[in-house]
């Protein structure tokens, strides 16, 4: 047979060629009426057939092993979907309050399409409400959510500008930026917005970190801001670049810190209820790239690492 890197099809083609040549040799050297076959030719043919059978069996065994490993991974993922306590649960079977649905669970570029029941039950006094999670709902680990900026659930453009996705960019591999780069919308004007959806276990005050690429204001003495809002109408202005910021001053930690870390972090606080929540991010000026959003309950410790927590799973 061919080497270890050869495909099954190449080995089969080689075997067919060997058998054809053997038949030609038999026709030349053996009298068909006598029924005699040279012993070495017969043995050679049997050995080659045995090797081909072993190769095919090994291919089938490898494929079966990969299939079983994938099935085990899906089963583990389904078990891990019971990620919430305190009244918020995931169900993986039929119950009185939940009906079996076909859903998906994904993180970043990876996607799992196993059948999962992504329903949430909330204990509200004596009543229990079953709620189906819409697509692109981020599921936290405890009270923490990590979201790549390109994974929004809704996008609003305006005549003056829009958010666009930048691939292969920045510290985290992608980001969103407002175009045109000279646009300005103000606090009260119509502005391009991105909406993100996530599921909380507990109501209360949450910390929102906006991770952006290091940048300078495009207009002298004008800062760059986002208007960040929750679903209840509460809004907070996040100052990404202050008006007096100037790049290149090593003594200014506002420049040297993000330059070394390859990202800037702007923190604000917002209140969110319990259950399905939304956060909207609107651009007041162009000039910076949003890469990631980190949302966590106030007081929750964030593990320290260069790249930060992995992106949360989504429905």
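Read-outs throughout are calculated quantities, based only on the coordinates presented, and are distinct from any laboratory measurement. Here the structure is a predicted model, which means the values were calculated and not measured. No Cβ is skipped: glycine too gets one built from the backbone with ideal geometry, and neighbour counts run over all protein chains shown.
If R0 is 25 Å, what FRET efficiency do you get for residue 271 and residue 239 from their C-beta distance, rounded to 0.05? It would help to have the intermediate numbers written out before the result.
Details: r = 20 Å, r/R0 = 0.80.
Plugging the Cβ-Cβ distance into 1/(1 + (r/R0)^6) gives 0.80.
From the Cα gyration tensor of the stretch 137-193, with a ≥ b ≥ c the square roots of its eigenvalues, which class applies: rounded if a/c is under 1.5, or else prolate if a/b is larger than b/c, or else oblate?
Verdict is oblate for the stretch 137-193.
Where does each of 185-191, 302-308, 210-216 land if you order them by average Cβ count within 10 Å, highest first? Let's see the in-between values first.
On the way: 185-191: 13.7, 302-308: 9.7, 210-216: 20.3.
Those peptides, ordered most packed to least, come out 210-216, 185-191, 302-308.
Give the whole-number value, in cubic angstrom per residue, of the convex hull volume spanned by the C-alpha atoms of the stretch 207-274.
In the stretch 207-274, the Cα hull volume divided by residue count equals 94 Å³.
Rounded, prolate or oblate, given the Cα gyration tensor of the stretch 223-315, with a/c below 1.5 counting as rounded?
Oblate shape, in that a/c is at least 1.5 and b/c is the bigger or equal ratio.
So how do 5-13, 241-249 stack up, highest first, on mean other-Cβ count within 10 Å?
The densest-packed peptide leads the list: 241-249, 5-13.
Let me have the relative contact order for the stretch 152-298, percent, based on Cα pairs under 8 Å that are six or more residues apart.
Rounded, it is 37 percent for the stretch 152-298.
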